[in-house]
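Throughout, read-outs are computed from the coordinates displayed, never taken from laboratory work. Here the structure is a predicted model, which means the values were calculated and not measured. Note that each Cβ is placed from the backbone with ideal geometry, even for glycine, and that neighbours are counted across all protein chains shown.
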Amino acid sequence: MKQRMRVLRLAWLPLVAALALPAAASAAGGLPAALAWLRSAQLPDGGFSSGLSQGSDLGATADAVIAIASAGQSPGAWRAGDASPLDLLRARAGEASGPGLAAKVALASIAAGQDPADFGGLNLTAVIEAGFNSATGFYGAGPYDSALSLLALAQAHRPIPPEAVAGLVRARQQDGSYAFDGTMTPGSGDSNTTALAVQALLAAGAGQEAIPSFDYFRRTQNPDGGWTYQKPSAYGESTDANSTALVLQALLAGGQDLEQWGRPQESLLALQQPSGALAFNAQTPGDNALATIQAIPALAGVDLTDLGSLQSHRGSGSLNVSTFFVALFLLAAVLMLSAIVERTRQT
């Protein structure tokens, strides 16, 4: 009887492993659930909506490609009907006429292992380079566009003019922050532009220039470990998913110990909804497309300086989160069967 009870307990192992999957996935950052929600949000043309308007949005689809690749999956394999998000980006690449949007599409192509110099019949790196303004030191309209451009050019192995790095450094305000349009008025800086600028400076080899911005992140971090867009702000300072994800990526790019920052990834998890999507902030619960898309890379531990190496890692034998848990379940099943066979032999 005792022998039979031991065998029965062993037979529960796969069930225990299966029941543990949701908790383990949550501990790993809620990534599988967020990715599953994103898959359900794919539109028939292969693209993704920003949630701000109907239909596929070029920028949101580029961000989704980065999210998919960051989670260890192939964007080209995500097909809705006959179209993947890469197909949509190729078909609409001509819409990326300015350096900021061209850089975003270029980063998506790099994350997917494609050549941004020949994507959808367009040389995206040439579009970016043509958008440099030597008078301002910016690509495009300001630090936000310029940071995206530096990130794309660095990972496309294109030369970066020292004037472009100097222009970004000049746009840093005294408190270490950057404003979206380069405004130098105190208090106009925001966490999102600053996080992009930090990653761009690191990608361009000017990491020392990013140090004041880490001090800014420390001063503006909320008690729950996350960040808001701007602080102080008359519009509220609650932690939001987009800002927290971008700052988290800047911390990752800078090699920061997240434990020393109060594990800000947990503030992202606190915004995850039952569907797997993320809310923008706690005051506006509900599924938010852009919040989910932008949070996935941060939950996967991928920053915007990593995109050029994602494809090589996919083929290196490393496991993504979902694959790990499947392997864990299979291992439990194998152990159970081995134990049953051994007990049967003994009896």
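Annotation: amide H-H contacts under 5 Å for A277 (H modelled 1.01 Å from N, sequence separation of 5 or more, or interchain): none. Summing Cβ point charges (Lys, Arg +1; Asp, Glu -1) relative to the Cα centre of segment 41-316 gives a dipole of roughly 160 debye.
Under 20 Å from a label point set 7 Å out along the Cα-to-Cβ vector of H157, the amide N atoms of segment 105-120 belong to 106-120. With only the Cα atoms considered, segment 74-212 has a convex hull volume of 107 Å³ per residue. Give me the Kirkwood hydrodynamic radius of segment 41-316 in Å, from all C-alpha pairs, to one decimal place? Value: 18.5 Å, from the Cα pair sum. In terms of surrounding Cβ atoms within a 10 Å radius of their Cβ, T193, T292 rank from fewest to most as T193, T292. Simple point charges give the picture: +1 on the Cβ of Lys and Arg, -1 on the Cβ of Asp and Glu, and for segment 109-202 a dipole about the Cα centre of about 160 debye. The shape of segment 173-290 can be summarised by an equivalent ellipsoid whose semi-axes, obtained from the alpha carbon gyration tensor, come to 23, 17, 12 Å from longest to shortest. Cβ-to-Cβ counts within 10 Å put R219, R79 in ascending order as R219, R79, the fewest first.
Couplings 3J(HN,Hα) for segment 77-89, derived from phi with the Karplus relation 6.51 cos²θ - 1.76 cosθ + 1.60 (θ = phi - 60°), are 8, 7, 10, 10, x, 9, 10, 10, x, 5, 4, 5, 4 Hz, where x marks Gly and Pro. Quick one: if the Förster radius is 35 Å, what FRET efficiency do T185 and Q260 give, using the C-beta to C-beta distance and rounding to 0.05? The value I calculate is 0.65. Under 5 Å between amide hydrogens, built in the peptide plane, is the criterion, and for F138 it picks out N133 among residues at least 5 positions away or on other chains.
Between L248, A300, A234, the Cα set farthest toward the positive side of the dipole of segment 214-301 (charges on each charged residue's Cβ, about the Cα centre) is that of A234.
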